[in-house]
Amino acid sequence: MARGSIPILRVGDNLLVTVQTDLHDAVAEAFQEDLLAAIEKTGAAGLLIDVTGLDIVDSYVARVLADTAKMARLMGTDTVIVGIRPEVAATLVRMGYTMSGVRTALNVDDGLAMLPARR
Amino acid sequence: MSDQVLSRDDLPVTTEGDVVTVRRRAQAVAQARGLGTFAVAAVTTAASELARNTLTHGRGGDASVEAVARDGRQGVRLTFRDQGPGIADLSRALAGGFSTARSLGLGLSGSRRLVDEFDIDTTPGKGTVVTVIKWARF
């Protein structure tokens, strides 16, 4: 995937990004750069990362997602990861990777409800 | 092992793209063997972790993805080989956790928990061979 090709949508005061490709190597770094730049530009209150399209999340990708949430937090933006599939949840827990400290929701609607609107 | 080998793909593991190729092949074979959704995800994730270990810790190598059968059971067997530095402290690496040698700990220990059979042969200075099997449920 080329730089800047991950669609970032504005939903109210929040940003919604839908991940459908493997977040490996250079793609992961571009993903983080693009997201953090969008947060700076828009002053988004919250960030939703939708991973419904990922049938596999290995420890590397899980770490990229968790790190991205931490980076956004440092900038003052809360992140909710939504749409972790049943088999992905089962696999991560069996591996011992529970993504503690990362907020999650079942779907985009639930995730949006967890994010406060910017005053 | 007296497992019947129904198909075998030998794949290089020398680039990031190779990791994805091995993972996709493991996923396709697991699905074709009739493994359930959770089992497919488990073995595909193990393939990703182990291929990444081969690439980063083993300095590259190769992998085999095989469709196997034993006593009527269908399964997937994955073998990863490298001629890298080997693993000096295997028990520590297998204990896993995030405090051990970066991703190697989680990659090995996590993969072990995701499969039905796990075998590792490592010699410091010579390399490492990891073989795992995931079976379909009866």
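The values are calculated or read from the model by the stated rules, or taken from the named source; none is laboratory data. Remember, it's a predicted structure, so these values are computed and weren't measured experimentally. Note that we place each Cβ from the backbone using ideal geometry, even for glycine, and neighbour counts take in every protein chain shown. Please note that ligands, DNA and RNA were not included when accessible areas were found on the heavy atoms of the full protein model with its side chains. Shrake-Rupley method; radii C 1.70, N 1.55, O 1.52, S 1.80 Å.
For the reader, a short list of remarks on this structure follows.
- Exposure of B:LYS134 as accessible area (Å², to 10), given a probe of 1.4 Å and all protein chains: 20 Å²
- Evaluated over chain A, the Cα radius of gyration and Dmax, each in Å: 13.3, 40
- Overall dimensions of the protein assembly as shown as given by Cα atoms, namely Rg and Dmax in Å: 19.4, 67
- GNM flexibility winner over chain B from B:ALA32, B:ALA51, B:ALA67 (Cα, springs under 10 Å): B:ALA32
- 0 to 90° range, to nearest 10: angle between helix B:37-56 axis and chain B longest Cα axis: 30 degrees
- Backbone amide hydrogens, once placed in the peptide plane, bring A:VAL11 within less than 5 Å of A:LEU16, excluding anything fewer than 5 places away on its chain.
- For B:ARG92, A:ARG94, the ranking by accessible surface with the largest value first comes to B:ARG92, A:ARG94, using a 1.4 Å probe.
- For segment A:23-29, putting each phi into the Karplus relation 6.51 cos²θ - 1.76 cosθ + 1.60 with θ = phi - 60° gives couplings of 8, 10, 6, 5, 4, 4, 5 Hz, in residue order, rounded to whole numbers and with x for Gly and Pro.
- Once the Cα gyration tensor of segment B:4-135 is diagonalised, semi-axes √(5λ) in Å: 23, 15, 13
- Here the 3J(HN,Hα) profile of segment B:8-16, calculated from phi with Karplus coefficients 6.51, -1.76 and 1.60 at θ = phi - 60°, is 8, 10, 9, 10, x, 10, 10, 9, 4 Hz, Gly and Pro shown as x.
- For the residues of B:124-135, the average number of beta carbons from a partner chain within 10 Å of their own beta carbon is 0.
- 0 to 90° range, to nearest 10: angle between helix A:59-74 axis and chain A longest Cα axis: 20 degrees
- Given charges at beta-carbon only (K, R positive; D, E negative), |dipole| of the protein assembly as shown in Debye: 360 debye
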